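Step one of this worksheet: look at the structure below.
The values are calculated or read from the model by the stated rules, or taken from the named source; none is laboratory data. Quick caveat, the model's predicted, so the values are computed rather than measured. When we count neighbours, we look across all protein chains shown, and the Cβ atoms used for this are built from the backbone with ideal geometry, even at glycine.
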Amino acid sequence: MRRRLPFEITATLGYAIVALLLAAGMAHSIRLLSALAEEHVRQLRAKEHEVELAEQLRWNSELIASDGRAYLLSGDPALLARIETSLSRFDESARGLRDTTLRASELALVDDVEGAAARFQETQASLVAERPRVHDAGDLEQRFENELLPRSRELRDAVHRMVAGEEASFDEVYAQTSRERHRVEARLYGLLFLLVLGGGIVAWYFARILGRSYRQEQAAHRTARRAVGARDEVMGIVAHDLRNPLGAITMQAAQLRRTAEPEKARRQAAAIENIAMRMEYLIRSMLDVATLEAGRFAITRALCDPRDLLRETVEMFRALAESKHIHLEMSADEDCVELPVDRERILEVLANLVGNALRLTPLEGRVILSARRAGDAIMMSVADTGPGIAREHLPHVFDRFWKHDACGTKGTGLGLFIARSIVEAHGGRIWVESDAGAGAIFYFTLPITAPAETTEPPVEAVPARA
């Protein structure tokens, strides 16, 4: 867990950094493109304004020339007023052009236009001033053709060059903005490539770590499977090579106990028989645990009367109870019906519970077996007047290798673990109610009808009685 947590933190931080880099890169790209677009729009609008002012110059110069000729021919004062208005607009447009951010070449074109306009206005002003004193319009028209018309053409050509220059400048600005946009796009694609490359490197790094962890887990799994196989092999050896000699020893000890003459020899034979039976019980418990862990635990159901199960258990332990001066009793309700159970396995559960109770119950104590109907199940219990179990130990009573040390007893710590597994394999549940100094009651339920072949989650602990 300690190694996994830092890796999860590292992986989370790594992906967070990649996500932040991607987000920062996208935000920077958006801001850069937005600023570039705003700058391009500003430049294009400025150039459009310059072109517009240049067009106004050209239009006003045309008006000045045409209205001036008409005034020289007709002498109409209204035309003179229009000339003054056009001159004012011409000067305003020229000032507007100078106020813009023009390059040196563009300023030179504006200077040419203003110079041509000044020469044109000077010639036109001299002709306009003489118009009231001249009665023959033909002379003024001749002078217009010889003096003013060349100035008008010079002005028109200068304005045309300026307009063409502004249009060319507009096209150049547009081309420049396009080049800048493509350059920025290339940089952004490069940035995106670097971010994707960085993300790929981080992903490769984590995939490598995960792959190494996976290979280590697979190796550990294979090692565990080999260990389980070795354990099963050892259990097979135990089952075959130890149980058979123990059976022979038990039979020989029983025969010796029955036929031996001296009392001392009979006692020794009985001790040998008890030791051999104890060893066989330990071997059987170990084999049961191995079968449970391997997932090969099976039960064979047959209809059994719960009262018969209690009676057989009482008869099994009656002699032991009498030797310890313990009252062993049973009670069963009349509505207890037959159960579809594995008879030998349920007797094993009862034997484990009653055996523990007799070991822990003091002289003149009581051990009571009972059975009653509880809905769709039969509930059996084994109650004793022993030292009880402290509340803090109750959640661990059915754990493997748990032992009760209140009376200095020793055992394998497998009996209650096996009992729980057997009860749960039948679709029931088992629990204990106890408190220190108040005895203990072990309950387990068995369904009246055989459940589907499913594995229910084990019940680790049930709250003790009040």
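Pairing each residue of the range 107-131 that is under 15 Å from residue 92 (Cα atoms) and charged (D, E, K, R) with any residue that is at pLDDT 70 or above and surrounded by 16 or more Cβ atoms within 10 Å (Cβ to Cβ), provided the two are 6+ apart or on different chains, yields C-beta distances under 8 Å for 114/94. Within the range 71-80, the residues that satisfy the criterion of being surrounded by fewer than 16 Cβ atoms within 10 Å (Cβ to Cβ) and modelled with pLDDT of 75 or more are 77, 78.
Of all residues in the range 209-231, those satisfying the criterion of being closer than 23 Å to residue 12 by Cβ and over 19 Å from the mean Cα position of the chain (by Cα) are 212, 215, 216, 217.
Based on this model, can you work out whether residue 335 counts as surrounded by fewer than 21 Cβ atoms within 10 Å (Cβ to Cβ) and closer than 19 Å to residue 423 by Cα? Taking the combined requirement at face value, the residue does not satisfy it. Scanning the range 214-232 for residues that are modelled with pLDDT under 75, assigned to a helix (DSSP H, G or I) and under 30 Å from residue 272 (Cα atoms) turns up at least one hit. For the range 81-105, a tally of residues being more than 18 Å from residue 62 (Cα to Cα), at pLDDT 70 or above and either crowded, with 16+ Cβ neighbours inside 10 Å or of a type in the set (Phe, Trp, Tyr) (or both) returns 1. Whether a residue is within 52 Å of the chain's Cα centre (by Cα), surrounded by 15 or more Cβ atoms within 10 Å (Cβ to Cβ) and at pLDDT 90 or above was assessed, and residue 288 does not pass this test. If the condition is being without any contact (Cβ under 8 Å) to a residue 60 or more places away in the chain and buried (at least 23 other Cβ atoms within 10 Å of the Cβ), then the range 412-429 contributes 420, 428. Screening the range 152-195 for residues that are of a type in the set (Asp, Glu) and modelled with pLDDT of 75 or more and picking the one that is surrounded by the most Cβ atoms within 10 Å (Cβ to Cβ) gives 154. When we screen 421, 331, 381 for residues that are closer than 18 Å to residue 442 by Cβ and more than 51 Å from the chain's Cα centre (by Cα), the only hit is 331. One residue stands out among those in the range 297-316 that are more than 19 Å from residue 448 (Cα to Cα) and either β-branched (Val, Ile, Thr) or modelled with pLDDT under 90 (or both): the one that is surrounded by the most Cβ atoms within 10 Å (Cβ to Cβ), which is 313. Applying the set (1) aliphatic (A, V, I, L, M); (2) surrounded by fewer than 15 Cβ atoms within 10 Å (Cβ to Cβ); (3) at pLDDT 75 or above; (4) within 30 Å of residue 424 (Cα to Cα) to residue 294 leaves exactly one unmet item: (3).
Here residue 353 meets each of (1) surrounded by fewer than 18 Cβ atoms within 10 Å (Cβ to Cβ); (2) in contact with a strand residue (DSSP E or B) (Cβ under 6 Å, 6 or more places away or on another chain); (3) part of a helix (DSSP H, G or I) with one exception, condition (1).
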